[in-house]
Every structure is written in structure tokens, then in C-alpha cells.
1. For segment 77-102, which positions are of a type in the set (G, A, S) and touching a Phe, Trp or Tyr at 6+ places or on another chain (Cβ under 9 Å)?
2. In segment 86-103, what count of residues is obtained for those that are farther than 18 Å from F180 by Cα and in contact with a helix residue (DSSP H, G or I) (Cβ under 6 Å, 6 or more places away or on another chain)?
3. Those residues that are closer than 23 Å to A85 by Cα and in contact (Cβ under 8 Å) with a residue 24 or more places away in the chain, I need them from segment 171-184; list them, please.
4. If you check Q117 against the conditions, is it surrounded by 14 or more Cβ atoms within 10 Å (Cβ to Cβ) and free of Cβ contacts under 8 Å to residues at least 24 places away in the same chain?
5. Tell me which residues, restricted to segment 30-77, are of a type in the set (K, R), modelled with pLDDT of 90 or more and farther than 17 Å from F200 by Cβ.
6. In segment 124-171, which residue that is of a type outside the set (K, R), at negative phi and outside any helix (DSSP H, G or I) is nearest to the chain's Cα centre (by Cα)?
Amino acid sequence: MFSVSCLRLRQIVPVVSQTVRKKSLYNRSLQYFFTKNLLITNSVSSGIFMLFGDLIQQEIEYRRGLLDRRYDWARSARMCIVGTALGPMHHYYYLYLDKFIPKATFLTAMQKIFFDQLFASPGTIILFFLGIGYLEGKNTYKVVSELREKFVYVYLGDCIFWPPVQFINFYFLPSRYRVFYINFATMIFNVFLSYMKHDFKEK
């Protein structure tokens, strides 16, 4: 009986030990990416998710016959560069927003959504069009003209998409996960944003 118990124990111990090591590795990874190197994580993920959002939109355009080739990698690179550049702005914005409105209640979530739509969304849209426009080699007049033509439409889409997404963000998520969650949600929104930037023409 004792020998059987010892045999079972020898079988269980490696499994438990392996589970503990996996959990420890998982915790160390979370700490590395979302505590020690949060700014880098937020910036890089912002660029990567914007890149994927544009690739999804290009795939849609290709299947609709709007593109001669499947992917324009220069276009995607511009999206990635601008997304990465916007990462630090979002990083510090949400850090200060959480300090300014620290609690996670229904009221504070609504307050944060209000500030988000009033300041962060218009600022991000403006910087996005300026950044992409200048990387495309356009002059200031053409960049500003495109921004004026498309800003209202993009902002209306922003107001439909982001408030429910941000409610989950502000009400349920810890502060250190905010920008990564936003970057992932932005990948979905960037399909629309890429369409507005590259295909939309005001009638």
C-alpha cells in the first residue's frame, strides 16, 4: 500500500511541478510585458495591430477587385509606423486619466468615456491623418484638405464603435492592460480607418 502511494506521488509531483513552472513563466511574462516594459509593449502592439487592421482591409479590397495585387506593403508599413508612434501618446494618456479619475465605477467609466471622445479620439484621428499623409509625401495643403473631408465621418464612426468598447476597458480592466486592449480593439476599428484613409471619397 505504501509503495503504491509512493508511486502515485512520484507520478503527481512532476505534473504539479510542471504546472507551477508554467504558471510562474506566465506570471513572469505578464510582469515583463505589462509592468517593467509597459511603454514598449503598448507602442509595439499599437503598430502591429494597426498593421494587421490595414492588411485585413487590403484583403477586402483585393477580393472586391479594387486592388491589382493583394498587399501594398509600403502602405502597411506607413500604418505600422504611425500606429507605433501613437502608442506612447495612448500609454501616457490612460495613465494620467486613471490618476485623474482613479475609481472603477459606472459613473467614473462614463466620465472617462466622455473625456476619451472629447480629447483622445479627435487627437488620434488628426495625428493619424497627418502622420500617414506626410509619410505618403503629401504637402500640408493636401493633408489638411483630406483631414477636413474625412474627419466628421471618421469621428462619427469612432463615436459608434468606441464608447461600448471603452466601457469594458474602464469598468472591468486593470490600468496596465488598458492600452493593449485598446490596441487590439483598434485592429478592428482600423479596418474602417484604413477604408476611410485609402478608399473613401465624399460624394
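1. Pass one, segment 77-102, residues of a type in the set (G, A, S): 77, 83, 85, 87.
If the condition is that a residue be of a type in the set (G, A, S) and touching a Phe, Trp or Tyr at 6+ places or on another chain (Cβ under 9 Å), then G83 is the only one that fits.
2. 1
3. Filtering segment 171-184 for residues closer than 23 Å to A85 by Cα gives 175-184.
Matches in segment 171-184: S175, R176, Y177, R178, V179, F180, I182, N183, F184.
4. Values: surrounded by 14 or more Cβ atoms within 10 Å (Cβ to Cβ): yes; free of Cβ contacts under 8 Å to residues at least 24 places away in the same chain: no.
Criteria not met by Q117.
5. Passing the criteria: only R63.
6. Filtering segment 124-171 for residues of a type outside the set (K, R) gives 124-137, 139-141, 143-147, 149, 151-171.
Still in the list and also at negative phi: 124-136, 139-141, 143-147, 149, 151-171.
Then drop every residue that is not outside any helix (DSSP H, G or I), which leaves 136, 139.
Numbers: E136: 23, N139: 28 Å.
Result: E136.
The values are calculated or read from the model by the stated rules, or taken from the named source; none is laboratory data. Note that the structure is predicted; figures quoted are calculated from it, not measured. Positions of Cβ are backbone-derived with ideal geometry, glycine not excepted, and every protein chain shown enters the neighbour counts.
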